[in-house]
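Asker: To start, I am sharing the structure in question, which I have written as structure tokens.
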Amino acid sequence: MVLTQGPSANEAFQKIAALMKAFVTGATGFIGSRLVAGLAESGVSVHALYRSPSKARLIRQPGVTLFEGDILDEASLLSAMEGCDQVYHVAAFAGVWSKDPLLIYRLNVDGALNVIRSAQACGIKRVVITSTAGILGPSEGEAVNESTPAPSSFFTPYELSKFKLEQTLKELRVALPEVVIVNPTRVYGPGFLSESNGVTKMIGQYLKGNWRFIPGNGKSSGNYVFVEDVVKGHILAMARGKAGERYVLGGENITYNQLFGITRELSGVSHRLYHIPLWLMLTLAGFMKFFAGMTGKPPLIVPGLVRKFNHNWIVSSNKAITELGYAPLDARTGIRKTIEFFQD
């Protein structure tokens with residue numbers, strides 16, 4: 001994937017390519033694997049960290065050196081980072097539930113701090129940390145952005161852990177590495193169908209006729225961003241982001257009804273969809289969470305996730321557009337590319 005986003009993006013990529021070596025955590029995940037491919041195809045040598053050998057095949061390509069390791073193991077981080085100039089920390093626990101709630105905190109907070117300490121030990125000057133726009137909270141009238149006051153509570157342990165990470169990063173008193181945070185919204189598009197690629201899986205299941213419901217009345221808005229835009233946003237943040245700042249990487253704000261309406265129109269596939277009352281979804285989610293605690297098998301949804309459906313999540317990416325040269329696709333173009341991915 002070579003950047004075609006305009007002069008500012010191409011200049012940013014050339015600046016990154018000149019440094020030549022980048023270390024990427026979460027390299028086999030949805031965003032991470034696309035980031036690895038984008039960097040490698042543009043001439044950057046990539047050191048990619050992986051845990052699962054079976055998933056490593058997803059990123060095995062010229063320009064990519066694979067390192068087996070774990071973000072909780074600083075020795076493996078130091079080995080994989082050796083000789084690199086920058087770090088992209090994309091790895092995270094992004095699921096909706098864990099049998100061990102502390103695992104989410106250890107991976108999303110302690111793991112990120114391990115990456116930063118290792119980068120400091122290796123003399124690396126800049127680190128881009130992947131967070132989430134979910135920590136901005138739901139929108140009440142106006143779109144939320146980087147300066148919106150933090151909500152009083154969060155819907156999922158994932159969001160809470162990312163909020164705690166950002167608060168911890170604010171308190172760090174280190175000159176180097178410089179840390180830049182990016183906050184993607186609801187990411188979708190071609191790629192590995194992991195837990196963090198739920199929107200794409202939903203589109204794919206609709207095309208097959210296996211997805212037939214819309215949460216509530218379908219009028220709740222969310223922000224949907226194409227995965228390649230998120231990749232470009234990471235690279236722009238590395239090249240042009242201000243140390244200590246965060247940047248929302250979003251796309252277009254649309255409702256669930258609009259999401260499926262666009263999918264139906266562009267694909268030519270028309271399935272009847274049923275609006276499921278939120279009280280019923282909450283009941284089902286409660287049962288799923290209860291049985292998950294009994295069996296250890298992750299639930300499809302949890303009550304906190306369902307409660308999010310009852311809010312609008314309208315997000316602004318103006319800061320990234322203005323300061324980084326970020327230029328995301330509109331929803332119709334992104335959804336069309338996603339449909340083509342499934343059709344091919």
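The values are calculated or read from the model by the stated rules, or taken from the named source; none is laboratory data. Being a predicted model, the structure only gives us computed values, none of them experimental. Every residue, glycine among them, receives a Cβ derived from its backbone with ideal geometry; neighbour counts consider all protein chains shown.
Asker: Which numbered condition trips up Thr132, out of (1) within 17 Å of the chain's Cα centre (by Cα); (2) of a type in the set (S, T, N, Q); (3) more than 21 Å from Ser33 (Cβ to Cβ)?
Answerer: (3)
Asker: So, one more: Across region 137-150, what is the total count of residues that are out of contact with any helix residue (DSSP H, G or I) (no Cβ under 8 Å at 6 or more places or on another chain) and of a type outside the set (A, V, I, L, M)?
Answerer: 7
Asker: With respect to the numbered conditions (1) in contact with an Asp or Glu (Cβ under 9 Å, 6 or more places away or on another chain); (2) under 28 Å from Leu300 (Cβ atoms); (3) surrounded by fewer than 19 Cβ atoms within 10 Å (Cβ to Cβ), which one is the sole condition not fulfilled by Gly111?
Answerer: Among (1) in contact with an Asp or Glu (Cβ under 9 Å, 6 or more places away or on another chain); (2) under 28 Å from Leu300 (Cβ atoms); (3) surrounded by fewer than 19 Cβ atoms within 10 Å (Cβ to Cβ), the lone unmet condition for Gly111 is (3).
Asker: Another one. For region 92-131, which residues satisfy the criterion of being under 20 Å from Gly233 (Cβ atoms), in contact with a Ser or Thr (Cβ under 8 Å, 6 or more places away or on another chain) and assigned to a loop (DSSP other than H, G, I, E, B)?
Answerer: Ala92, Ala94
Asker: Hey, could you check region 239-268 for residues that are hydrophobic (A, V, I, L, M, F, W, C) and surrounded by 14 or more Cβ atoms within 10 Å (Cβ to Cβ) and say which is farthest from Asn223 (Cα to Cα)?
Answerer: Ala239
Asker: May I pose another question? For region 269-290, indicate whether the set of residues that are at pLDDT 95 or above, more than 19 Å from the chain's Cα centre (by Cα) and at positive phi is non-empty.
Answerer: No, that holds for no residue.
Asker: Does any residue in region 289-318 that is within 19 Å of Thr132 (Cα to Cα) and surrounded by 15 or more Cβ atoms within 10 Å (Cβ to Cβ) come within less than 8 Å, Cβ to Cβ, of a residue that is modelled with pLDDT of 90 or more and among the acidic types (Asp, Glu) six or more places away or on a different chain, and which pairs are these?
Answerer: What qualifies is Ile314/Glu142.
Asker: Inspect region 244-265 for any residue being of a type in the set (A, V, I, L, M, F, W, C), within 30 Å of Val87 (Cβ to Cβ) and modelled with pLDDT of 95 or more and give the result as yes or no.
Answerer: Yes, region 244-265 has at least one match.
Asker: Can you tell me which of (1) surrounded by 16 or more Cβ atoms within 10 Å (Cβ to Cβ); (2) modelled with pLDDT of 95 or more; (3) in a helix (DSSP H, G or I) is the one Phe13 doesn't meet?
Answerer: The number of the failed condition is (2).
Asker: Just to be sure before I move on: is Asp344 free of Cβ contacts under 8 Å to residues at least 60 places away in the same chain and surrounded by fewer than 16 Cβ atoms within 10 Å (Cβ to Cβ) in the structure I sent?
Answerer: Spelling it out, Asp344 is indeed free of Cβ contacts under 8 Å to residues at least 60 places away in the same chain and surrounded by fewer than 16 Cβ atoms within 10 Å (Cβ to Cβ).
Asker: From the list Pro149, Pro138, exactly one residue is surrounded by fewer than 13 Cβ atoms within 10 Å (Cβ to Cβ) and either not basic (Lys, Arg) or not in a loop (DSSP other than H, G, I, E, B) (or both). Which is it?
Answerer: Sole residue among the options that is surrounded by fewer than 13 Cβ atoms within 10 Å (Cβ to Cβ) and either not basic (Lys, Arg) or not in a loop (DSSP other than H, G, I, E, B) (or both): Pro149.
Asker: I'd like the residue in region 126-158 that is charged (D, E, K, R) and modelled with pLDDT of 95 or more and, out of all such residues, is nearest to Gly95 (Cα to Cα).
Answerer: The qualifying residue nearest to Gly95 (Cα to Cα) is Glu146.
Asker: May I pose another question? Output the number of residues of region 39-91 satisfying the condition of being hydroxyl-bearing (Ser, Thr, Tyr), within 20 Å of the chain's Cα centre (by Cα) and either assigned to a loop (DSSP other than H, G, I, E, B) or surrounded by fewer than 16 Cβ atoms within 10 Å (Cβ to Cβ) (or both).
Answerer: Residues flagged as hydroxyl-bearing (Ser, Thr, Tyr), within 20 Å of the chain's Cα centre (by Cα) and either assigned to a loop (DSSP other than H, G, I, E, B) or surrounded by fewer than 16 Cβ atoms within 10 Å (Cβ to Cβ) (or both) within region 39-91 amount to 1.
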